[in-house]
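None of the figures in this text is laboratory data; all of them are computed from the coordinates on show. Treat the numbers as computed from the prediction; the structure is a model and nothing was measured. FYI the Cβ positions are ideal-geometry reconstructions off the backbone, even for glycines, and counts take in every protein chain you see.
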Amino acid sequence: MGVQFRKVDKNEFYKVYEVIEKAFPLSEYRTFDEQMVLMDLPYFNAMLIEDEDKLVGILIEWEFKHTIYLEHLAVNPEIRGKGLGSMLMREYLAKSVKNIVLEVEDVDTEIAQRRIGFYERLGFTLSNISFKQPQFLGRDDETVNLRIMHYPKNISDDELMKIKDEILQKVYFQ
C-alpha cells in the first residue's frame, strides 16, 4: 500500500469532516464552521490519507515550532478493522522530524485503555501531564480529564508542560 498524506484546502475539507463525524463522538470535535475558521491558521493542517485516489483515512495536526500535536487520526469507516490505523501511524511517524504529542482520556474505561495501548505499541509514552478538556469543545456538561502521550520517549516533563500550555492556548482557545 502506497499511502499519501495530502493536505487539503477549504474546498476539500468536507471530505475530512465526513470521516470525523463517523469516527468520533460529538464531544471530540468542533462543528464544521468552527473547523473552517481553523483552516486559515498557518499551523493547522487537515489531511486526507489516500491510496491510489481511494480514501483510506484522515489526519488533523497542529504543527508548532518543535512539536506536532496530533488531534485526529481516523481510518475510513468503510475499511476499518484491517490494521490500517497502526500502519498509517507508522507511516506518519516515519515521516515526522518533530516530536509528536496527542491526548488520551485519563479514565479507567475499556476504550481509554485500548486507545492508550494502541499508541504505546506504536512507541508513544503515556506522561504524567494531565489537564481538563476546556468546555467549549465538549457538547455536554461532562468534563473530560486528558493525559498527554508523546513520541519519542525522551521528552522531559518540563518540555511537556510547555507543550500542554501551547496546546491549550492555540488549539482550545482559538
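Estimated from helical segments only, the mean residue ellipticity of the chain at 222 nm is -9000 deg cm²/dmol, where each DSSP H run of four or more residues counts as -39500 (n - 2.57). Rounded to 0.05, the FRET efficiency of the K54 and R121 pair, given R0 = 22 Å and the Cβ-Cβ distance, is 0.30.
Paramagnetic label reach from D40 (point 7 Å along Cα→Cβ; backbone nitrogen cut-off under 14 Å): within segment 3-28, residues 10. At full extension, K10 and S27 could sit 3.9 nm farther apart than now, given 0.36 nm per residue minus the alpha carbon distance.
Extension gain, K170 to S86: 0.36 nm times the residue separation minus the Cα-Cα distance gives 27.5 nm. For T143 and E159, the difference between the fully extended length at 0.36 nm per residue and the C-alpha to C-alpha distance is 3.3 nm.
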